[in-house]
1. Would you check which residues across region 35-84 are surrounded by fewer than 18 Cβ atoms within 10 Å (Cβ to Cβ), out of contact with any helix residue (DSSP H, G or I) (no Cβ under 7 Å at 6 or more places or on another chain) and hydroxyl-bearing (Ser, Thr, Tyr) and list them?
2. Output the residues belonging to region 104-131 that are open to solvent by 20 Å² or more (accessible area, probe 1.4 Å) and acidic (Asp, Glu).
3. Would you mention how many residues in region 22-34 are in a loop (DSSP other than H, G, I, E, B), touching a residue at least 12 places away in the same chain (Cβ under 8 Å) and either hydrophobic (A, V, I, L, M, F, W, C) or open to solvent by 60 Å² or more (accessible area, probe 1.4 Å) (or both)?
4. Do we have any residue at all in region 108-117 that's more than 29 Å from residue 225 (Cα to Cα) and free of Cβ contacts under 8 Å to residues at least 60 places away in the same chain?
5. Residue check: is residue 264 farther than 27 Å from residue 44 by Cβ, touching a residue at least 60 places away in the same chain (Cβ under 8 Å) and within 20 Å of the chain's Cα centre (by Cα)?
6. Looking at residue 349, is it in contact with a strand residue (DSSP E or B) (Cβ under 8 Å, 6 or more places away or on another chain) and open to solvent by less than 60 Å² (accessible area, probe 1.4 Å)?
7. Using the structure shown, decide if residue 297 is more than 25 Å from residue 65 (Cα to Cα) and in the same structural domain as residue 142 (by the TED database).
Amino acid sequence: ASRVMVASRNYGDFAKEATFEIKKCDLHRLEEGPTTTAVMTREEGLQYYKTMQTIRRMELKSDQLYKQKIIRGFCHLYDGQEACCVGIEAAIKPTDHVITAYRAHGFTYTRGVPVREILAELTGRKGGCAKGKGGSMHMYTKNFYGGNGIVGAQVPLGAGIALACKYFGRNEICLALYGDGAANQLPCIFICENNRYGMGTSVERAAASTDYYKRGYFIPGLRVDGMDILCVREAVKFAAEYCRSGNGPLVMELQTYRYHGHSMSDPGISYRTREEIQEVRSKSDPITLLKDRMVNNNLASVEELKEIDVSVRKEIEEAAQFATTDPEPPLEELGYHIYFNEPPFEVRGPNQWIKYKSVS
């Protein structure tokens with residue numbers, strides 16, 4: 001009770017908002033770019049912090065469950081890149097559309113799927129967001145078209161979603177991560193999350209030009225500090241307004257970094273050093289950067305943020321408990337959800353004598 005009283009007494013001592021100088025974006029075929037100052041309210045900062053911490057803890061728990069062989073198959077973690085998905089979501093509308101590659105857990109959460117459904121999907125349980133059938137690479141919800149397991153498959157799909165937005169005359173945009181190139185009028189932002197390594201190969205070894213924001217050539221581009229949530233937020237706000245105004249697509253490069261290897265089968269230290277990873281963690285961690293800004297500008301206290309950390313850990317542990325005890329989907333549902341809104345029909349199983357019913 002005394003702690004609650006102290007918190008309520010000190011609440012009025014915090015600033016309601018603060019203004020921050022942020023890194024200028026590199027521009028390609030644009031006369032002007034996003035703002036170099038960003039205003040963040042106390043409420044926004046607390047929400048960003050909690051969301052990024054939730055994604056970080058969710059991915060660390062996924063790492064643990066994978067090593068315990070409770071999560072099987074492919075698994076690509078997102079820790080280190082939290083400022084990208086949280087900053088993007090803060091800048092767009094729920095009615096806008098997002099499609100990404102297989103490193104999709106963070107976006108699945110920011111698009112509204114609870115942690116327990118994400119972890120249950122990773123463990124192949126009935127309560128997962130895709131009924132336990134999609135796993136790490138295939139998670140979906142309203143206006144979010146998943147992780148896509150085939151490299152680059154989401155780019156033309158994202159262009160198609162943007163075409164639908166234009167065709168139906170909706171004031172909506174699509175963000176396709178990763179991407180380059182599209183038809184001239186599509187309201188699409190193609191976003192390359194440049195985490196510096198394609199599997200085990202550094203960008204400098206893999207590409208003649210590492211200016212990914214210029215890859216569209218005739219399409220304007222932005223290069224953004226993807227470790228700074230405010231940089232990402234302001235850049236995506238600019239890009240969203242650009243597209244909504246009928247100017248066509250943009251290519252955006254978010255310079256970020258992944259802490260884990262490419263996938264759980266990759267230790268991540270055969271092609272880069274532990275010292276490199278630690279340097280990024282110590283100097284550019286997106287959560288630490290936000291935390292320092294909030295504390296130094298009197299938007300929150302260290303104790304308040306620690307309380308958020310404790311509540312997040314509790315939420316993740318409860319979600320993991322659900323994901324390890326929820327039953328697996330029954331075999332008779334193997335053919336369910338092949339098509340949407342179709343009458344039931346039979347699907348052949350492993351041989352011609354085994355048949356399953358498909359139900360939408």
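The values are calculated or read from the model by the stated rules, or taken from the named source; none is laboratory data. On a predicted model such as this, the values are computed, not experimentally measured, just so you know. As a convention, Cβ positions derive from the backbone with ideal geometry for all residues, glycine included, and neighbour counts pool all protein chains shown. These area figures cover heavy atoms from the full protein model, side chains too; ligands, DNA and RNA do not enter into them. Shrake-Rupley method; radii C 1.70, N 1.55, O 1.52, S 1.80 Å.
1. Hits for region 35-84 are 36, 37, 41.
2. Once the filter is applied, which keeps residues that are open to solvent by 20 Å² or more (accessible area, probe 1.4 Å) and acidic (Asp, Glu), region 104-131 yields only 117.
3. Let us first name the residues in region 22-34 that are in a loop (DSSP other than H, G, I, E, B), namely 22-25, 29-34.
Keeping just the survivors that are touching a residue at least 12 places away in the same chain (Cβ under 8 Å) gives 22-25, 29-30, 33-34.
From what's left, either hydrophobic (A, V, I, L, M, F, W, C) or open to solvent by 60 Å² or more (accessible area, probe 1.4 Å) (or both): 22-25, 29-30.
The number of residues fulfilling the criteria is 6.
4. So the first thing to find is which residues in region 108-117 are more than 29 Å from residue 225 (Cα to Cα), and the list is 116-117.
From what is left, the residues that are free of Cβ contacts under 8 Å to residues at least 60 places away in the same chain are 117.
There is at least one residue in region 108-117 that is more than 29 Å from residue 225 (Cα to Cα) and free of Cβ contacts under 8 Å to residues at least 60 places away in the same chain.
5. It is true that residue 264 is farther than 27 Å from residue 44 by Cβ, touching a residue at least 60 places away in the same chain (Cβ under 8 Å) and within 20 Å of the chain's Cα centre (by Cα).
6. Working: in contact with a strand residue (DSSP E or B) (Cβ under 8 Å, 6 or more places away or on another chain): yes; open to solvent by less than 60 Å² (accessible area, probe 1.4 Å): yes.
It is true that residue 349 is in contact with a strand residue (DSSP E or B) (Cβ under 8 Å, 6 or more places away or on another chain) and open to solvent by less than 60 Å² (accessible area, probe 1.4 Å).
7. Values: more than 25 Å from residue 65 (Cα to Cα): yes; in the same structural domain as residue 142 (by the TED database): yes.
Considered against the rule, which asks whether it is more than 25 Å from residue 65 (Cα to Cα) and in the same structural domain as residue 142 (by the TED database), residue 297 comes out as yes.
Yes/no per residue for (1) basic (Lys, Arg); (2) within 22 Å of residue 145 (Cβ to Cβ):
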| residue | (1), (2) |
| --- | --- |
| 46 | no, no |
| 52 | no, no |
| 60 | no, no |
| 86 | no, yes |
| 93 | yes, yes |
